[in-house]
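Where a number appears in this text, it was derived from the coordinates with a stated rule and is not lab data. Just so it is clear, the model here is predicted, and its values are computed rather than measured. For neighbour counting, all protein chains shown are included, and Cβ atoms are generated from backbone atoms with ideal geometry for every residue, glycine included.
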Amino acid sequence: MKKNIFFLIFFLFSIVSFSAHLIEDVKINGNTITYSAKKKGLFICLYDKDGKKIVSCLSQAENNSMELLKTEDIKGKRLIAIDVNDQIDKKKIGGHGVDQGRFNYPSGIFVDYFSRLFVVDSMNDRIQVFTGNDLFSFEFGGFGWSTSLNDLKGRFNRPSDIVVGRFVYVVDTENHRVAKFDIDGNFISAFGGNGSKDGEFYLPKGICMDLSGDIYIADTENDRIQKFDGNGNHILTLGSFGRGIKQFNKPKYTAVDNDYDLYVTDYRNNRVHLYDRFGSFKKFLKFGKSFVKRPLGISVYNNIIAVVTSDSKLIISSKDESYVKEIKLDFKPEDVQLTAGSVFISCQSENCVYRIDLERAEYVF
């Protein structure tokens with residue numbers, strides 16, 4: 001099924017001829033990279049080996065005229081080019097049901113280092129895990145309710161989001177807690193509890209993890225964000241109810257980039273916040289609009305941002321917002337995950353996850 005999404009991510013790992021689709025004739029002259037852009041309006045970005053942006057621009061040249069980027073040291077750098085077109089195949093994973101591989105109101109999704117897809121199957125009160133080939137692998141969870149954090153063990157009451165690193169963390173929304181598992185889905189511990197004090201939650205929603213293993217929770221009905229270490233120890237609380245800076249009205253999802261900057265979708269305030277790791281406000285991301293209508297899931301990969309909205313839009317943007325594309329979807333999205341090779345979007349109305357594969361080429365500097 002083809003519909004309104006196509007974007008191309010190139011990782012430059014070796015200097016051989018670059019794909020003729022977007023860029024070709026890539027050359028190095030001292031500390032300058034030159035290339036031939038095939039069309040105007042491409043987002044071109046140079047990253048170091050840790051994924052930090054060095055320089056970015058929009059290509060202005062077309063018809064094979066040359067452009068250049070300058071950097072202090074070429075070695076170990078990556079060049080990324082992105083374009084959006086209107087022809088792409090999307091694959092449907094799942095469908096309504098209780099059997100393995102079927103969903104009932106899927107919400108948060110996450111793709112781990114091994115390309116496994118973790119899906120929060122919310123109204124089936126479980127997590128389902130799929131291989132990189134979209135084949136069902138295993139599940140864990142089941143319904144459970146208790147006011148005691150650890151009585152539930154690995155059971156859930158309407159879980160909403162998940163993040164995976166060395167451990168797996170699941171936001172167990174209606175039990176007002178976060179549950180921690182090993183990578184095979186075995187329960188380890190839980191933290192939180194119903195309330196409004198630091199370390200407590202009221203119907204939390206989104207979760208993300210930074211490179212140091214600290215996690216950020218959208219404490220939705222308390223209109224705030226809370227930060228914890230990997231063992232559930234509270235670090236900071238950010239925000240309160242309102243429309244000002246550091247204020248939220250039903251924050252939904254969170255994401256964090258390689259600079260440790262935090263992104264929050266502020267659902268009823270129709271905006272996306274950006275903070276540093278210490279909770280200092282940096283800016284509102286507007287993506288060239290006066291407001292972002294009811295933003296939902298958000299994902300960041302190598303400082304490229306993907307956001308889905310309740311009016312069925314997918315927004316792709318650079319962190320500095322010099323590049324923004326808005327794509328109309330033909331389904332209602334909930335969460336989004338951007339990876340090197342694909343975009344995954346959960347859809348609750350169709351009880352599925354859509355996978356959109358990206359064309360990709362790899363080279364070495």
Can you tell me the equivalent ellipsoid semi-axes for segment 105-184? Use √(5λ) from the Cα gyration tensor, largest first, whole Å. 21, 13, 10
Taking the convex hull of the alpha carbon atoms in segment 124-237, what volume per residue do you get, in Å³? 94
Measuring from label point to label point, each 7 Å out along Cα→Cβ, what is the ARG243 to THR131 span in nm? 5.2
Residue separation between SER280 and GLU174 times 0.36 nm, minus their alpha-carbon distance, gives in nm 35.2 nm
Report the calculated FRET efficiency for ASP151 and ILE235 (r = Cβ-Cβ distance, R0 = 25 Å), to the nearest 0.05. 0.45
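How big is the Rg/Rh ratio for segment 314-353, C-alpha atoms only, Rh by Kirkwood, two decimals?
The Rg/Rh ratio comes out at 1.02.
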Rg to Rh for segment 90-364: what is it, with Cα atoms only and Rh by Kirkwood? 0.94
Extent of segment 182-224 along each principal axis, from alpha carbon coordinates, in Å, largest to smallest? 31, 22, 16
Label model pair ARG166, MET123: point-to-point distance (7 angstrom along the Cα→beta-carbon line) in nm is 3.8
PRE zone check, label point 7 Å out along Cα-to-Cβ of LYS289, amide N under 15 Å, scope segment 309-328, hits 309-318, 324-328
So, with points 7 Å from each Cα along the Cβ direction, the PHE114-GLN100 label distance in nm works out to 1.6
What list of ³J(HN,Hα) couplings, whole Hz, do you get for segment 146-156 from phi and the Karplus terms 6.51, -1.76, 1.60, once you set θ to phi - 60° and write x for glycine and proline? 6, 8, 9, 4, 9, 4, 6, 6, x, 9, 10
What is the local net charge at CYS347, summed over the other residues whose Cβ is closer than 9 Å to its Cβ (Lys, Arg +1; Asp, Glu -1)? 0
